[in-house]
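See structure below.
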There are 2 protein chains.
Amino acid sequence: MTIATLELTALTAAATKAAKAAAAASDVERAAWLNAVADALDANVTEVVAIADSETRLGAARLTGEVARTTGQLRLFAGVITEGSYLEAVIDHADPSATPPKPDLRRLLKPIGPVAVFSASNFPFAFSVAGGDTASALAVGCSVIVKAHSGHLRLSERTAEIVTEALTAAGAPAGIFALVSGRDAGTALVQDPAIKAVGFTGSIPGGRALFDLAVSRPEPIPFYGELGSLNPVVITAEALKARAGELAAGLAGSFTLGAGQFCTKPGLAFIPAGTDFPALLAEAAKDKAPAPMLTERISDAYPDGLRAVAALRTAAGQPAVDVVSGSVDQDATLNGAAPVIFTSTAANVLESPDQLLEECFGPTTLLIECSGADELSEALALVPGSLTATVHAQPGEDVTALVEQLSGLAGRVLFDGWPTGVAVNWAQQHGGPYPATTSLFTSVGATAVRRFQRPVAYQDAPETVLHPALREANPLGIPRRVDGVLVLP
Amino acid sequence: MTIATLELTALTAAATKAAKAAAAASDVERAAWLNAVADALDANVTEVVAIADSETRLGAARLTGEVARTTGQLRLFAGVITEGSYLEAVIDHADPSATPPKPDLRRLLKPIGPVAVFSASNFPFAFSVAGGDTASALAVGCSVIVKAHSGHLRLSERTAEIVTEALTAAGAPAGIFALVSGRDAGTALVQDPAIKAVGFTGSIPGGRALFDLAVSRPEPIPFYGELGSLNPVVITAEALKARAGELAAGLAGSFTLGAGQFCTKPGLAFIPAGTDFPALLAEAAKDKAPAPMLTERISDAYPDGLRAVAALRTAAGQPAVDVVSGSVDQDATLNGAAPVIFTSTAANVLESPDQLLEECFGPTTLLIECSGADELSEALALVPGSLTATVHAQPGEDVTALVEQLSGLAGRVLFDGWPTGVAVNWAQQHGGPYPATTSLFTSVGATAVRRFQRPVAYQDAPETVLHPALREANPLGIPRRVDGVLVLP
């Protein structure tokens, strides 16, 4: 279904009209739309999981869990908007006695308008047609046009049907949601003057190309891209001494989970030099069965990526990495992707950061052996922006400086855990310095809505034209800041 | 003082180091730095106003007021950070019984790092060396490198001295603040890998060129540009009937204020067709004396801009505008800029929006005569994003649809007032759709700090490594969201 420009124009025109209606709807109404979509997906879980499994090979158990996460997410956003803080309502009353006299000024966040959402390959529900980007944009009163991922087109179309039916039945305006597919449609969408923001989850090259289009428009628009992440893990000598086996099991489980196709996969682990941890990790990973990957393109790319890492040489011509376990000469398309563990050294990272610190999508991780805290810090300084960074240390160890460095390079810093697994709640931050994401926001959790809102202040406005959130009596009963003071309802 | 690349590298290295120290300082400490800068500027007001007046010709009264606004702004931000909501602290406690188990997750906003600030020509204090961008970046714990405006170099250098001395005396880290000048230094600053965000106030071409540089870096950074604004005013027939003289006096005062060099100057006013308002406005403006403009370049450009407007032709070859009062053939450099009032029609706007809807810096405004609400709405739909939009209507008139349209094209919607004059408080929104600004934030008011913050979440972190804002006992006593519920201290 490659859609023609004419069709896209019709869709964006409908989306523009729908965005006005959605913006005018109450939070309670929009919450009902989100809950209706969640209910409809839950009601069709068996069917959609079957389609998803046939297209993505992620397995029914994982996919059923992902549907639950997706519907939980829709319901979370319904709760977020009815709570009302997301409007950031602020009232500064007039002060005619001030010099100069102060007007009455009232500010809130309004929906930005029609949003384009690019689905991810690896989360056919949670980061796809009815995923977090769509949910957060609909929540605040935007319309959404989703660009389907080619890896799960049938699922995208079926999900879109379910979403559209549920929205219609719940009374949402026509045109509030649409689906397109094909690369050309995606490109045209980002360039369409009607589109006011873009949500994207995918690769660095693909995401950067679309980012470049979004910011080079006559009217540049925000491009919220989640592009790629190495998710460095640091394990201290103390932690290794205390629980090497447990750490090896945990890391092996995390980097192979879902065939290593999570954006939070730990692709890099810094360990002290000269330990038996690489062998322990190899042992822990040896029973992880090869697993089918999402698409043929992805499973073809995996061994290519592995071989590129294996072929890296130092300036002196020596191999820059060792293969600790697994084979780089595997056929992941035929046999599924099998885990591969590499080791290298901080010295090599310092010599060739660009080559060694590149993401390889699939069940592989690279252990970096470091001699001391200074070398660790120097190597970490070269790690590109990541979604997560993890520390494994022992109670009582002073990791303050390390944590400060990690919080500079990642949006979520974990202690004694593993980065795969992303809670959907108010405190979540799924985003980090470029290339992890292209903005100062999160794409997961309650505050993701802020990406699709723009502030407007009303000066000396009559009550009748004000949004209810800004009326004197606070009819919505929401938290507001009044004359500088935060006031709970 | 064009500084060499080597010098810039030294400055950005110092700024990077200082940003770490500033981030580690407490809010109380940083508030003291801001207050110290405010006190120092107030103590030197006579001297800096004299320098500013000699360079900008804005007059001692206006400039003294602007210093007060600037120091008030510094003190406002000191209050904002000690209040603590700006950290957006969120705590979601662990729930080990959930499926999957939920970790303890705590999120706050951290400073983004060294910030480049480009001063404006027209506010040598409030949007300049110690202006809102600098104050909001320093407030949250960023270091700042200011690119001086060539229109007031001596003032920039003297202000920078005062700022640096005050910061040093107050205990701020060395390198937290620096000044550079020259176009090359500015360009290099935006491209320097150490710089993590840019604040800019200036022209559309200059701002867009720097925006393009910022987003085309290997690591793109946020560019907070305030570029240009027409600030449309809509006057209804009812309002004209009731108070045409008052409206003429108000508009004349606003578009000529400060020689029409405010970013919120009403450059466009939509009025009903066939009234005597143009004549009334001409009458009201006739006593506005020609005023010197900021720089020779600006005063040379003013009549060029006027002549370009006067030369516009309709498709049928007729003049697209009439000159109601004033002369387009003036020498603003020699005699000061004299007010010029144009009229045109909504039909002409619909025919040639790009030509008619271009900002002309200086004491000029364009009246657009409209025949009815539909024509008004169609013409308004073509107005580029603006900082402000204003409605003058009578009590009881239904302006809901009009206000909704205006709030789509501007960040601040005013009722029965004039857009020049920007209150600095919590509710202010000084920003709007492109080209008014290049982001979803404000550059004036309390929430301007959010431009220079990035979120980080800490998962299962020990209390000892957590920022005090996130510790269980809330030692800072700030508002936080805990398990989804907003809690006041």
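Table for the structure above
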{"quantity": "Residues satisfying the stated conditions in the range A:300-329, i.e. of a type in the set (Ser, Thr, Tyr) and touching a residue at least 60 places away in the same chain (Cβ under 8 Å)", "calculated": "A:Tyr302"}
{"quantity": "Residue ID - surrounded by the most Cβ atoms within 10 Å (Cβ to Cβ), chosen from residues in the range B:338-359 that are farther than 24 Å from B:Ser407 by Cβ and in contact (Cβ under 8 Å) with a residue 60 or more places away in the chain", "calculated": "B:Pro339"}
{"quantity": "Members of the range B:360-384 that are closer than 19 Å to B:Gly432 by Cα and surrounded by 21 or more Cβ atoms within 10 Å (Cβ to Cβ)", "calculated": "B:Cys360, B:Phe361, B:Ala379, B:Leu380, B:Val383, B:Pro384"}
{"quantity": "One residue from B:Gln428, B:Gln459 being at pLDDT 95 or above and either within 21 Å of A:Leu470 (Cα to Cα) or of a type in the set (Val, Ile, Thr) (or both)", "calculated": "B:Gln428"}
{"quantity": "Single unsatisfied condition, B:Gly225 versus (1) in a helix (DSSP H, G or I); (2) within 13 Å of chain A (Cβ to nearest Cβ); (3) touching a strand residue (DSSP E or B) at 6+ places or on another chain (Cβ under 8 Å)", "calculated": "(1)"}
{"quantity": "Test: A:Val444 is of a type in the set (A, V, I, L, M), at pLDDT below 95 and either surrounded by 21 or more Cβ atoms within 10 Å (Cβ to Cβ) or more than 16 Å from the chain's Cα centre (by Cα) (or both)", "calculated": "no"}
{"quantity": "Hey, B:Pro278 in contact with a strand residue (DSSP E or B) (Cβ under 6 Å, 6 or more places away or on another chain), modelled with pLDDT of 95 or more and within 17 Å of B:Thr390 (Cα to Cα) or not", "calculated": "no"}
{"quantity": "Looking only at the range A:46-77, and only at residues there that are within 13 Å of chain B (Cβ to nearest Cβ) and aliphatic (A, V, I, L, M), the one that is surrounded by the most Cβ atoms within 10 Å (Cβ to Cβ)", "calculated": "A:Leu76"}
{"quantity": "Long-range neighbours under 6 Å by Cβ, at least six apart or interchain, first residue among the β-branched types (Val, Ile, Thr) within the range A:248-259, second surrounded by fewer than 24 Cβ atoms within 10 Å (Cβ to Cβ)", "calculated": "A:Thr256/A:Lys288"}
{"quantity": "Residue count for the range A:93-124, restricted to those that are out of contact with any helix residue (DSSP H, G or I) (no Cβ under 9 Å at 6 or more places or on another chain) and charged (D, E, K, R)", "calculated": "3"}
{"quantity": "Given (1) surrounded by fewer than 24 Cβ atoms within 10 Å (Cβ to Cβ); (2) more than 19 Å from B:Phe270 (Cα to Cα); (3) not assigned by TED's automatic domain parsing to the domain that holds B:Gly267, number of the condition B:Gly396 does not satisfy", "calculated": "(3)"}
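The values are calculated or read from the model by the stated rules, or taken from the named source; none is laboratory data. Quantities reported herein were computed from a predicted structural model and do not represent experimental measurements. Glycine also receives a Cβ, built like all others from the backbone with ideal geometry; neighbour counts cover every protein chain displayed.
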